Structure formats: structure tokens, C-alpha cells
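Data block below; observations after.
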Ligand code: VGL
Ligand code: ZN
């Protein structure tokens, strides 16, 4: 991958214990993104990260909805919402970054999904697609033009972040070897298709 260290931001998405093997919403092979993320972090001048950060009893948890099971979909006021096992509860070990993730040089860490009644996959907008997290403004003010992404999960938080970043006018490169998917009912194929259609580029870590 060719870098422009001044205008590129590496954004590491949700590389947290609950999305890794043994976690509450484990993504198959999720921890294999850690060495790739660390290699990338060593190459970029500017690094940022996101952290899924839910209150207990969050709206996206199946346990919040009587009679519902994880991975079912419901109609939320803001559109369809997949229900998940309880995960990434604020301050718990599951919400912590993977212990081997080299996050020390992150210049900003954006937490998302903290509103009790609204989920947030994307690093830029919550799932109503209108409530900003502030990262878009941060990136603009910092003068970043391209956002390079890796993390978990390819078909949810990475894809939604990539699509929103394109919508905001940033160039986006996703490093797929540094991503792993949940892949629910074809969600990975759809995410890859949507990202390609939106002009997201794909590259390998060096
Ligand atoms: C994510 C489902 C629920 C993700 C977060 O990081 O992709 N997926 N919360
Ligand atoms: Zn979540």
C-alpha cells in the first residue's frame, strides 16, 4: 500500500475482546486481525480507533426484548435492527481492546453505541444514519483525506464506517486481511458489493 502519512488516517475498528474468540459476540478468527492491525499501526503517522461501548440493557441486545433471540431482526424506529448477544458493556473486560493490540499511538478513540435506544455500527453516524459521532468533523479539521480501515466486523462496523466515510467525501481503503466478518444471511457479500459500488478501495497491508 502506498501511504501519504500527512493526509492518511488509520482507523482500527472495534478490535475488542467481545468480538474475539471466547468473547460474547465472537467473530470467527477475529483475533487474527491483531497482528495485521499492529503492522499497519507501525506504518501510519496517524492512528485512530473505535470502541463499541454499550450501556447494560442496550436496545440492540436480544435480552432487552422479551421473547427475542440473538441474530433476529426487529423494526426499530430508525429502521431494521439486528439483535445481538449482550456485548461490549461499558467498562467490562469484553469491551476492552484485545490485550495484544498496539493502541498506544492512537490519537483519538471514538466510543459509539452508548445511547440506550440507538445502536451505532459506523464510526461516523449512529444507526439512524443522522446522529454524528463527531469523527467526521474531527477528520476534516485534522485535514485527513483518506481513511484506511481494518478491524471487526467486516460486514457491520467496518462496512458501515467505510460507506459513511465515502458519503462524507473521504477516500477509503479497507485492508481486508485485517478484517473478519460475522456473515449473517449473506451480509458479507452484500457489504463487499456495497463498498465496491461506493468507491471503497481494497488493499493489502505491506
Ligand atoms: C458490531 C454488531 C454489534 C461490530 C458491533 O463491531 O461489527 N457488530 N455491535
Ligand atoms: Zn455493538
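Here, each number is a calculation from the coordinates, and none is a lab measurement. What you see is a predicted model, and the numbers here were worked out from it, not measured in a lab. Positions of Cβ are backbone-derived with ideal geometry, glycine not excepted, and every protein chain shown enters the neighbour counts.
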> Can you give the relative contact order of the chain as a percent, counting alpha carbon pairs under 8 Å and 6+ residues apart?
Replying inline: 25 percent
> Rounded to the nearest 0.05, what FRET efficiency is calculated for residue 73 and residue 28 with R0 set to 25 Å and r the Cβ-Cβ distance?
Replying inline: 0.75
>> In Å and on Cα atoms, what radius of gyration and Dmax does region 97-160 show?
In response: 12.6, 34
> In Å, the Kirkwood hydrodynamic radius of region 104-198 over pairs of distinct alpha carbons?
Replying inline: 13.7 Å
>> Residues of region 154-175 with backbone nitrogen within less than 17 Å of a virtual label 7 Å along the Cα-to-Cβ line of residue 2, please, listed as ranges.
In response: 171-174
> Going 7 Å from the Cα of residue 108 toward and past its Cβ, which residues in region 1-21 have a backbone nitrogen under 16 Å from where you end up?
Replying inline: 6-14
> For the Cα atoms of the chain, what angle does the longest principal axis make with the long axis of helix 187-197, in degrees from 0 to 90, nearest 10?
Replying inline: 40 degrees
> In deg cm²/dmol and to the nearest 500, what is the mean residue ellipticity at 222 nm of the chain if only DSSP H runs of at least 4 residues count, each as -39500 (n - 2.57), divided by the residue total?
Replying inline: -5000 deg cm²/dmol
>> Can I get the semi-axes of region 1-102's equivalent ellipsoid? Compute them from the C-alpha gyration tensor as square roots of 5 times the eigenvalues, in angstrom, largest first.
In response: 30, 16, 12
> What is the ratio of the Cα radius of gyration of region 42-87 to 2.2 N^0.38 Å, where N is its residue count, to two decimals?
Replying inline: 1.60
>> From the Cα trace of the chain, what convex hull volume per residue do you get, rounded to a whole Å³?
In response: 107 Å³
> For region 52-128, how big is the tail of P(r) above 14 Å, as a whole percent of Cα pairs?
Replying inline: 63 percent
> What is the gain in length, in nm to one decimal, between residue 185 and residue 92 on full extension, counting 0.36 nm per residue of separation less the C-alpha to C-alpha distance?
Replying inline: 30.5 nm
